[in-house]
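What follows is a set of notes on a single structure, which appears directly below.
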Amino acid sequence: MTRRSQTRQTTFQTVFRRAAFPALALGVMTFFGIYAVVGSNGALAYGDYQRALKKREADLAMLKQHQAVLANRVQLLDPTKVDPDMADELTRRQLNVVNPNEVVVPLK
């Protein structure tokens with residue numbers, strides 16, 4: 001090897017060594033920057049979270065309404081003062097007792 005090619009190789013190695021760490025750091029920062037925007041928890045996923053929140057709030061409202069219906073039925077079955085219509089409905093449903101002149105219309 002000549003002195004000139006040795007100098008050129010040494011210069012290249014020096015530049016490569018000096019630029020390797022900043023280039024690697026820039027690559028890592030770019031990766032995390034892109035992930036912050038388009039990743040699963042990134043800025044673009046915010047709309048998906050809002051849609052999921054609206055759906056869950058609707059589900060919660062429906063469940064609270066169902067809970068209120070069940071709480072009312074429990075209140076009507078209070079052992080100290082049972083509602084006669086509720087007691088009649090429950091006994092007929094569980095014992096499958098129907099008069100011959102009645103028509104049973106299943107709701108479900």
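The values are calculated or read from the model by the stated rules, or taken from the named source; none is laboratory data. Fair warning: this is a prediction, and the values are worked out from it, not measured in the lab. Cβ atoms come from the backbone with ideal geometry, glycine included; neighbour counts cover every protein chain shown. To get the accessible areas, we keep the full protein, side chains included, count just its heavy atoms, and leave off ligands, DNA and RNA. Shrake-Rupley method; radii C 1.70, N 1.55, O 1.52, S 1.80 Å.
Scanning the range 50-62 for residues that are farther than 22 Å from S40 by Cβ and open to solvent by 100 Å² or more (accessible area, probe 1.4 Å) yields a single hit, M62. Scan the range 25-42 and tell me whether some residue there is open to solvent by 100 Å² or more (accessible area, probe 1.4 Å), assigned to a loop (DSSP other than H, G, I, E, B) and of a type outside the set (S, T, N, Q). There is no residue in the range 25-42 that is open to solvent by 100 Å² or more (accessible area, probe 1.4 Å), assigned to a loop (DSSP other than H, G, I, E, B) and of a type outside the set (S, T, N, Q). Considering the range 63-87, and only residues there that are open to solvent by less than 70 Å² (accessible area, probe 1.4 Å) and in a helix (DSSP H, G or I), the residue that is modelled with the highest pLDDT turns out to be A68.
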